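In what follows, a single structure is set out as structure tokens and then discussed.
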Amino acid sequence: MRLVVGISGASGAIYGVRTLRALRISGVETHLVVSDSARKTISLETGFSFSSVSKFATKTYEIDDLTAPLASGSFLTDGMVVAPCSMKTLGGIASGFSQNLLLRAADVTLKERRPLILMVRETPLSLIHLENMVTVARAGATVLPAMPAFYNSPSSVDALVDQVVEKVLDVLGIENHLSRRWQGQGSHARKTDRR
């Protein structure tokens, strides 16, 4: 399997890092493109450097390299994930504004009818954000907000992140065991102190 992974500058760079790591463990070939803002958020939020994150990918491209293979539909992939996806990146994808390689790769993914997963990150959402999400969904993208579940009683931030990454891999049909799955009422129920 071959996937494009984009990391944009929204807060939540750890989602992109952990998605890359999970795909590597699953044996997926990954082609990484990172926005300039994302390089900063990776360093500020995760403790990783850009160079250490790029080692999780099979191949990494410069954001402004519109001659890269990802810029053409003739470069066959099984889809693309943008994690996290900023509202700026969402707006570019929604309008077909292929200003850089991340936006162009997403545009290619849509026009070739390949899976495109956008892990959007923003709150609250304006009407413009919501309309852009509807636009990309109508064009075939999957809008997958970074909304972790709590039924599995996560014990750390990593567990919350992994549960969202698990959703991405599920959409792509990649088997994984990143978090405990829902087994029905009672199996994960916690008693609450009502004093």
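Assess whether E131 counts as being acidic (D, E), modelled with pLDDT of 95 or more and part of a helix (DSSP H, G or I). Spelling it out, E131 is indeed acidic (D, E), modelled with pLDDT of 95 or more and part of a helix (DSSP H, G or I). Within region 51-75, the set of residues being of a type outside the set (G, A, S), assigned to a helix (DSSP H, G or I) and over 17 Å from the mean Cα position of the chain (by Cα) comprises just one member, P69. The set of residues from region 136-150 being touching a residue at least 12 places away in the same chain (Cβ under 8 Å) and not in a loop (DSSP other than H, G, I, E, B) comprises V136, T142, V143.
May I ask you to say which residue of T58, T30 is surrounded by fewer than 17 Cβ atoms within 10 Å (Cβ to Cβ), at pLDDT 95 or above and not aromatic (F, W, Y)?
Exactly one residue qualifies, and that residue is T58.
Candidates T77, T109, T30: the one that is of a type in the set (S, T, N, Q) and within 21 Å of H177 (Cα to Cα) is T30.
The single condition from (1) at pLDDT 95 or above; (2) surrounded by 17 or more Cβ atoms within 10 Å (Cβ to Cβ); (3) not hydrophobic (A, V, I, L, M, F, W, C) that P148 fails is (1). Residues of region 1-56 that are in contact (Cβ under 8 Å) with a residue 60 or more places away in the chain, in contact with a strand residue (DSSP E or B) (Cβ under 8 Å, 6 or more places away or on another chain) and either charged (D, E, K, R) or farther than 16 Å from L102 by Cα (or both): M1, R2, S11, G12, Y15, T19, L23, V28. Applying the set (1) modelled with pLDDT of 95 or more; (2) surrounded by 12 or more Cβ atoms within 10 Å (Cβ to Cβ); (3) touching a helix residue (DSSP H, G or I) at 6+ places or on another chain (Cβ under 9 Å) to A137 leaves exactly one unmet item: (3).
The values are calculated or read from the model by the stated rules, or taken from the named source; none is laboratory data. Worth saying up front: this structure is predicted, and the values here are computed from it rather than measured. Cβ atoms come from the backbone with ideal geometry, glycine included; neighbour counts cover every protein chain shown.
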